[in-house]
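The values are calculated or read from the model by the stated rules, or taken from the named source; none is laboratory data. Everything numeric here is computed off the predicted structure, so don't read it as measured data. No Cβ is skipped: glycine too gets one built from the backbone with ideal geometry, and neighbour counts run over all protein chains shown. Note: accessible area is taken over every heavy atom of the protein model, side chains too, but ligands, DNA and RNA are not part of it. Shrake-Rupley method; radii C 1.70, N 1.55, O 1.52, S 1.80 Å.
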Amino acid sequence: IEIDNNDLRMARINANDLLDENEYRLIKFLKVYYVRSSLIKNYDLIIANPPYLNQNEMNLIKNGPVRYEPIKALFGGKDGMDFYRIINKLIIKHLNPKGIAIMEMGNQDIEIYKEIFSKELSLTFKKDQNNKYRCLIISHQ
C-alpha cells in the first residue's frame with residue numbers, strides 16, 4: 001500500500017529487481033490514501049512503514065539529511081501515532097484470520113502500541129541490531 005504514485009512506481013521497480021517472476025506475480029500493489037480510504041479485500045500479509053516521527057522528533061531532525069524527505073513520509077502527528085490508529089482499524093477489518101501485518105515502529109514506548117491496537121489482536125515486538133524495538137508483528141488471536 002502506498003499513498004504516492006512515484007513511491008508506488010519505485011516499489012514496483014524494487015520488487016521487480018529483487019524477486020523472480022512467480023514471486024512478483026503474488027504481490028498486489030495498491031495506491032490507497034489510507035487516512036481516507038478502506039481496503040477492498042482481505043489480505044494474508046500487510047506490510048507498512050507508516051510515518052512515526054512526533055512533533056519533537058521532527059523539530060530535532062528538520063535540518064539533518066531528512067530535510068530532503070517528504071514530510072508525509074516522516075511525520076506521524078503530534079505523538080507520532082496517527083497512522084497506527086488508522087492501521088489498527090484496517091487490520092481488524094482486512095487482515096485474514098491467519099494473516100499477519102508487519103510494520104516498522106518509531107521510538108514510542110511499546111505500551112503506547114499496546115493501547116492503540118485492539119485487544120483482539122496479538123502483538124509481537126522485535127528488536128533491531130541496536131537492541132531497540134523497531135518491528136511490530138500483528139496477527140489475530
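Things worth noting here:
- Less than 5 angstrom separates the built amide H of Tyr43 from those of Leu95, Asn96, all sequence-distant by 5 or more or on a different chain.
- Amide H contacts under 5 Å for Ala48, placed H, 5+ residues apart: Ile102, Met103, Glu104
- Distance from the Cα centroid of segment 1-27 to that of segment 103-141 is 25 Å (rounded to whole angstrom).
- Shape call, segment 11-84: gyration tensor on alpha carbons, a/c limit 1.5: oblate
- Counting only DSSP H runs of at least 4 residues, each contributing -39500 (n - 2.57), and dividing by the residue count of the chain, the helix-based mean residue ellipticity at 222 nm comes to -9500 deg cm²/dmol.
- Listed candidates (i) -0.63, -1.20, -1.31, -1.53; (ii) -0.62, -1.01, -1.10, -1.37; (iii) -0.53, -1.05, -1.18, -1.56 - label of the one calculated as log10 I(q)/I(0) by the Debye sum over Cα atoms at q = 0.13, 0.18, 0.19, 0.22 Å⁻¹: (i)
- Going by accessible surface with a 1.4 Å probe and the largest first, Arg12, Arg67, Arg25, Arg134 read Arg25, Arg67, Arg12, Arg134.
- Put simply, the amide H of His140, placed in the peptide plane, has neighbours under 5 Å in Gly99, Ser122, leaving out anything fewer than 5 places away on its chain.
- Estimated FRET transfer efficiency (Lys41, Lys132; beta-carbon r; R0 30 Å; 0.05): 0.35
- For the chain, carbon and sulfur atoms together expose 51% of the accessible surface, with a 1.4 angstrom probe and every protein chain in place.
- The chain, accessible area per residue, ligands and nucleic acids excluded (1.4 Å, Å²): 67 Å²
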